[in-house]
Amino acid sequence: MANSPHGGILKDLYVRDEPIQASLQAEAETLPYVTLTERQLCDLELILNGGFSPLDGFLTQAEYTSVVETLRLPDGTLWAIPIYLDIARSELDKLGVSTGSRLTLRDPRDDQPLAIITVSDLYTPDFANEAEKVYGANDQAHPAVHYLFNNTRDTFVGGKLQAVNAPQHYDYVAIRRNPTEVRALFKKLNWTRVVAFQTRNPMHRAHRELTVRAARMRHANVLIQPVVGLTKPGDIDHFTR
């Protein structure tokens, strides 16, 4: 592959932590835990498998502030939307979580331990500022702003992650590939130039035409990547697509 991963390195935490997976699994069963929301589950999976490279954890306060104010990580890497772990302060207090704590993150579907986070900081976000700076307006007609004010908990937990288990999926297993697997497939097929289209809805004629023309102009192959998981209200679910 000629192109480097975003941020310069593909951070596949499953590969990195595989040699100590057994000890992490055992430790995860002894730690206080939180059960993730569906959105947090999606974010966690993309951090662990490298889809959110160069992130290797949920944003700290310094990283969050940098992303909101500059749309970049502190090192200058372009990053437009903050990826955070929101947990109610009351729950954190009940669990006794503080800086330096280790916390197990569990799958809401089957209670499997997916990761361990080492807490580096706990902070209170400014939702109004995030809405203005990231989404362009403090207006709850925007679905992301509505989610921010109505579904996001009051405290953000920043810290590095260690991978324990991958979330289990039972739909479209044969074509679910993480970034490491996609790159390996490109190498196997000798695809050196790739035009990708990520779609949350069925491709319209205009989408197809833009993608095909781009591929022809660059003499490239095409990767179609449908969004699977949460979409905005009114979008078509991935089963239908």
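The values are calculated or read from the model by the stated rules, or taken from the named source; none is laboratory data. Small disclaimer: the values here were computed from a predicted structure and weren't measured. Here the Cβ positions follow ideal geometry from the backbone for every residue, glycine too, while neighbour counts run over all protein chains shown. In case anyone asks, the SASA skips ligands and DNA or RNA and just uses the protein heavy atoms, side chains included. Shrake-Rupley method; radii C 1.70, N 1.55, O 1.52, S 1.80 Å.
A few remarks follow.
- Here is the tail figure for the range 1-60: Cα pairs spaced more than 20 Å apart come to 38 percent of all pairs.
- Other-chain or far-sequence residues with amide H under 5 Å of Ala115's (modelled H): Leu105, Val164, Asn165
- GNM remark for the chain: springs join alpha carbons under 10 Å apart, and the peak mean-square fluctuation among Arg39, Arg216, Arg193 falls on Arg216.
- Residue-wise HN-Hα couplings along the range 76-81, as the Karplus relation 6.51 cos²θ - 1.76 cosθ + 1.60 with θ = phi - 60° gives them from phi, are x, 5, 4, 7, 8, 10 Hz; Gly and Pro carry x.
- Taking GluC sites (Glu not before Pro) across the range 8-53, the ones in a DSSP loop with at most 11 further Cβ atoms lying within 10 angstrom of their Cβ are Glu29.
- Relative to the longest principal axis of the Cα atoms of the chain, the long axis of helix 61-70 makes an angle of roughly 40 degrees.
- Cβ-based net charge around Arg109, under 15 Å, with every Lys or Arg adding one and every Asp or Glu removing one: -4
- By a 1.4 Å probe calculation restricted to protein chains, His6 has an accessible surface near 90 Å², given to the nearest 10.
- Average accessible area per residue (Å²) across the range 1-108 - probe 1.4 Å, nucleic acids and ligands excluded: 47 Å²
- Applying Stokes-Einstein at 37 °C and 0.692 mPa s to the Kirkwood radius of the chain, computed over alpha-carbon pairs, gives a translational diffusion coefficient of 167 µm² s⁻¹.
- Within the range 143-241, the chymotrypsin sites (Phe, Trp or Tyr not before Pro) that combine a DSSP coil assignment with at most 10 other C-beta atoms in a 10 angstrom radius are Tyr170, Phe239.
- Here the accessible area of the range 112-173 is 49 percent carbon and sulfur, with a 1.4 angstrom probe and all protein chains present.
- Based on protein heavy atoms only, the range 177-241 ends up with 76 Å² per residue of surface accessible to a 1.4 Å probe.
- Cα-projected label distance for Glu181 with Leu95, points at 7 Å along beta-carbon direction, nm: 2.8 nm
- Estimated vicinal HN-Hα couplings, Hz - the range 30-40 in sequence order (Karplus 6.51, -1.76, 1.60; Gly, Pro = x): 9, 8, x, 9, 10, 9, 6, 7, 4, 5, 4
- Label sites at Gln25 and Leu223, each approximated as a point 7 angstrom past Cα along Cα to Cβ, lie 3.0 nm apart.
- The heavy atoms of Asp111 offer some 80 square angstrom of accessible surface to a 1.4 angstrom probe.
- A simple charge model with +1 on the Cβ of Lys and Arg, -1 on the Cβ of Asp and Glu and nothing else charged puts the dipole of the range 127-212 at about 640 debye relative to its Cα centre.
- Reported to the nearest whole Å, the Cα centre-to-centre distance from the range 207-223 to the range 77-130 is 40.
- Scanning residues 5 or more positions from Ala196 or on other chains, those with amide H under 5 Å from its amide H are Leu223, with H placed 1.01 Å from N in the peptide plane.
- Calculated FRET value between Phe149 and Arg193, using beta carbons and R₀ = 41 Å, to 0.05: 0.45
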